[in-house]
Structure formats: C-alpha cells, structure tokens
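What follows is one structure encoded as structure tokens, with my remarks underneath.
The values are calculated or read from the model by the stated rules, or taken from the named source; none is laboratory data. Every value quoted in this text rests on a predicted model; they were computed, and no experiment measured them. A quick note on method: Cβ atoms are made from the backbone with ideal geometry, for glycine too, and the neighbour counts reach across all protein chains shown. Each accessible area value is taken on the protein alone, full model and side chains, heavy atoms only, with ligands, DNA and RNA left out. Shrake-Rupley method; radii C 1.70, N 1.55, O 1.52, S 1.80 Å.
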Amino acid sequence: MAGIGRFIAARLLNASITLIVALVFISTIYAVYSVKEKQAAVEEQYVFMARQLQQKYKDPRELQEALKKLKESLMRQYGVTGSFYHDVINDVKRQLLAVFTFDFGTSRNRYFGTTDIGEQVKIALKNTVILFTTATIITSIIGILLGLYMARKPGGVLDRTVSILGMVSWSLPTWWVGILFLLIFSFYLGWFPTQAKEVYAALQAIPENLPLYTRLFLELKTWLYYMALPLITIVSVSVGGWAYVVRTIVLETMQQDFVIAARARGLPERRVIYGHVLRTSSPPIVANVALSLVGSFGGAIITETVFGWPGMGLLYWVALLNSEVNVLIATTALVVILFVALVYTLDFIYMLLDPRVRTRETV
C-alpha cells in the first residue's frame, strides 16, 4: 500500500507541475497578444483625440499638459503601464488568477444568451460533451466489437472490408463529410436541420405546463433531432479507424505466449478472447478511448462550425473572430486542465488494469 501511495503522490506532483507550466506558457502567449492589442488601441484613440485637443488648446504648454493627461487616462482605461514586459507579467498573473478562481469576467459580446464567460464555457462544454462524448462512446463500442471479430478472423471478408473502409473514412476530414451530409440529408432530403444551434429555440418552444415525463420526452426528442446529423457524421468517419486500431492491438496480443498456452489448455475461445486477450489489451484501448473523450472536450472547431453546434469549438471560433482574449483563455485553460487530469487518471487506471505496472510500481 505504501508503494501505491508513493505512485499516486509522484504522479500527482508530476501532473501539478505539468499543469502549472502549461498554464503559464498559454497565459504568456495570450498575454503578449492582449497587451499588444491594448497598446494599439491606446495609440489609435490617442491619435484621434489628440487632433481634437489641438483645435481646443492654442497654448503649447496647455496642449502638452492635456495630451499628457489624455495618455495617462487611456492607459488607465486599458490597463497598461507603457512597459511591455511589465504589462505582460501583470496580464499573466491576472489570467492565472482567473483560471484558478474560474472568474474570467465578462465578454464584449453575448454568447449563448449571456456575457459571463464562465457561464459561456459551462454551456459550451456541456453541449460538446453531449455530442462528442456520445459519439466517442458509440464509436468505441462498435469499434471494439468489430475489432475483436476482425482479429479472430484476420484476412476474412469483414476484416478486409472494414480495414479498407476504415482507412478511407479516416483519411476524410470530418468537416468535409459533414458538408456532404448536410447537402444530402438537410438541403435535398430535408430530414435534418441545417443549423444545430437552433436547438435552444426549439427547447424554449416546448410548453411549460406539460407533464414532467412528456416534457422530458420532448426535450430528449429535440436534442436527438438536432444532434443526429453531426453524431452520424462523427461516428461514420471514426468507427472504421477505431475498429482497425482495436483489431491491431488485439491481434498483437493474440500472438503472445500466454494466449497460445490458454488455448493449449483447452479453454473455450470466448473465455480466451474476453478473459485473457481483451483484459491484456484493455490498457491501450482505454487510453485511446479516454484521450478521444478529452479531445472531444475541446470540440472540433470546424466540425461544430459546419453544423452550428453550440459547443466549445464554435465558442472558440467565434471568440477568435471577435478577438475575445478572455474567452479564448477560458476555453483553452479548461481543455488543458481536463487533459492533464485525464493523463493522471490514466496512470492510475493502467496500474489497476495491468498487473505488470502494478508490480513494478509497488516493489
């Protein structure tokens, strides 16, 4: 138990250091951009307002004094001191404090019906989780089942077919397939909506005075209607590649000596596959599933933009277009925190699933 405690403490320390370094690095990049943007805004307004002061003050000394006060006022307004490095350091401190307190202030524009950045990120993350996590779970289940069957009969019809389709689909950009599906199923056939962001308007249109179960059924039906096409697109593009990855992992495991020995003892094939092969192959499979999940938290920017899905990717893209630095920091920092937390969790899961890791770490 002491060895397990040391393992957890060491991994937690590594994760904390990694998280702090990553957040400082990201904050510095955004701080440099933010300070340059503020300084440019100060200079632009200073030049514009200085012309007005030149017409108002004829005395050179009064004009210089007025210009000096104008400069100081604009710098206070935008929160800059005139020293680039000092302003960057202050901005990094402010951003790190905002990350750890999850208080990013307000945005200039309204997103998802609110200007509170923390609330915007919560709404966007929830929507991304609903779409991409559902797609990842469906893709993983189908991919694991297909991959296991392909590995049991390598070179068979299903193995060759899924391998070819998987390589083809994996090479196609999700956003391109999404546009193609939109043209076919939304514009030509009219089966699905063209923009999923209308889901909130549809939810608000549901009467409030309905029975609870009826209302929940209508809300679920509305969510499924608007997320169906992007969900089908993501699963269609990913499932073939996922099956091929699982097939490769399982096929390599099936060539190990312990599997041959299990078959030589006369164990049923089902027990060999699910009791020995799948258990040994589970760490890399779980790692791939978990990394896919955390990758989905960031949202696919282009994919969500194509479908208009109100998630992290769309929020990041709109904030980027509008130069909303605080929104960009909030979305990026949240993804980094989730990623580091997942890697730490994966280390612990590896220790539980793989006896070799558990033995090595606890001796």
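Tabulated results
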item	result
Members of segment 231-256 found to be under 17 Å from I137 (Cα atoms) and not small (G, A, S), listed by number	L231, I232, T233, I234, V235, V237, V239, W242, Y244, V245, V246
Which numbered condition N127 fails, given (1) in contact with a helix residue (DSSP H, G or I) (Cβ under 7 Å, 6 or more places away or on another chain); (2) open to solvent by less than 10 Å² (accessible area, probe 1.4 Å)	(1)
Lone unmet requirement of (1) without any contact (Cβ under 8 Å) to a residue 12 or more places away in the chain; (2) under 24 Å from A124 (Cα atoms); (3) hydrophobic (A, V, I, L, M, F, W, C); (4) surrounded by 14 or more Cβ atoms within 10 Å (Cβ to Cβ) for F217	(4)
Hey, T114 β-branched (V, I, T), touching an Asp or Glu at 6+ places or on another chain (Cβ under 8 Å) and more than 30 Å from Y244 (Cβ to Cβ) or not	no
Subset tally (residues that are farther than 25 Å from A22 by Cα and touching a Phe, Trp or Tyr at 6+ places or on another chain (Cβ under 9 Å)) for segment 76-126	2
Any chance S34 is under 26 Å from G118 (Cα atoms), of a type in the set (G, A, S) and in a helix (DSSP H, G or I)	yes
Top-ranked residue of segment 89-111 - restricted to ones that are surrounded by 18 or more Cβ atoms within 10 Å (Cβ to Cβ) and among the hydrophobic types (A, V, I, L, M, F, W, C), ranked as farthest from L229 (Cα to Cα)	V92
Residue match in segment 248-268 (condition: more than 25 Å from A201 (Cα to Cα), open to solvent by less than 40 Å² (accessible area, probe 1.4 Å) and not hydrophobic (A, V, I, L, M, F, W, C))	yes
